[in-house]
Structure formats: C-alpha cells, structure tokens
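As structure tokens, the structure follows; a few thoughts come after it.
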Amino acid sequence: MKVLVRLIFLALISFTAGSAHAQQGAAYDIQVNIIYRLTKYIDWPDKSGDFVIGVVGTPAIFEYMSGFLTGKTVGTRKIVLKKFPSASPAYPCQLLFIPEEENHMMRKIAGATAGAGTLLVTESEGMARRGSCINFIVVDDRIKLEINKNNIEQRNLRIAGELLALGILVK
C-alpha cells in the first residue's frame, strides 16, 4: 500500500502540461492535490476540531482548493478552508499556503505562526530557506518539493520519512 501511495505521489509531482493556461491550471490542480496528500505525512500536535487549511491573500489557487477539498477529511477531521489577509495578526490553522504574491510577508507570517503547529507551504524559489516548511518549485518543467525539516520540527510537527525521501532537503 505504501508503495502505491508513493508511486501516485511521484506521478503527481512529475506531471507536466502543454499550454500556458492549461499549465497554470494543471499546476494548481497538482499543488492542491499535493497539499491534501501532505496532511497524511505530517503529524500535528493538536488533533481536535476541524482541520483548517488557510490561504494568505486571494490567489487564484483558492478556487481550485475549494473545489478539491470540499467534503474531504484528515483522518476523522473535516477540512475547512479559510482565507487570511496578508496583514492578519494571527493565522489559526494547521496548514497555511502562502502564494508567490505574498512572499514579502514570509517573515511576519513565520513569526506569527511560530510554535503554533502550522505547516507553512509556499511556491517560490528560496522560500524554504526563508521560513517555509515545504516549498513548491519547478525543475525541468516539473513540480518538486523543497523540504526544510528544521522549520517543520521547530513548529512541533513531525514529517514522515517517506515524504522526506521525495523532496529536496534544504536548510
């Protein structure tokens, strides 16, 4: 079973698309699917209530997330999707997606979520070194994951070895 999950995960990460518009939509589909799959490879300290996935700002990916995540769960916890303004004083969620257009807020967001058990997921080169836990990058027209294990552990989260093996580890 673990081998099958790994193969599916690798196929999703390796997917590419043709046209620019289709490529952007396909990239969102892949990112949203991976974000959902990440929930199975991260152990959060708080396992009560709804599982909240937050999105900073109003990126186009929010609509893809909304469509894909409706009715999904993390274990027995219902997934709830929330938008947060960039300048929010807090980001109460288990997983927070920070789109490229909000990169300038990374330091503030990382500080506001420190110790809160929030996995920060980004989509721009170098963000895993600037506070993100998991960062989507494009290498040879394929979406890859940069993983900063130290950032994950500083947030009192644990990451499965299977996920570490799939990503590019950064410090």
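The values are calculated or read from the model by the stated rules, or taken from the named source; none is laboratory data. None of these values were measured; they are calculated from a predicted model. Methodologically, a virtual Cβ is constructed for each residue, glycine included, from the backbone with ideal geometry; neighbour enumeration extends over all protein chains shown.
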Qualifying residue in the range 113-121 (condition: out of contact with any His (no Cβ under 9 Å at 6 or more places or on another chain), free of Cβ contacts under 8 Å to residues at least 60 places away in the same chain and under 22 Å from A27 (Cβ atoms)): yes
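Yes or no: A110 more than 16 Å from T39 (Cβ to Cβ) and within 15 Å of the chain's Cα centre (by Cα)? Working first, answer last.
Details: more than 16 Å from T39 (Cβ to Cβ): yes; within 15 Å of the chain's Cα centre (by Cα): yes.
Yes: the conditions hold for A110.
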Selection from the range 124-151 of residues that are surrounded by fewer than 19 Cβ atoms within 10 Å (Cβ to Cβ), over 17 Å from I35 (Cα atoms) and in contact with a strand residue (DSSP E or B) (Cβ under 9 Å, 6 or more places away or on another chain): E125, G126, R129, R130, V139
Filter result (aliphatic (A, V, I, L, M) and part of a loop (DSSP other than H, G, I, E, B)) within the range 66-103: A87, A90
So A87, is it more than 21 Å from V56 (Cα to Cα), modelled with pLDDT under 95 and aliphatic (A, V, I, L, M): no
Contacts under 7 angstrom Cβ, first residue in the range 74-93 being over 25 Å from Y41 (Cα atoms), partner among the β-branched types (V, I, T) and in a strand (DSSP E or B), 6 or more apart: S86/V56
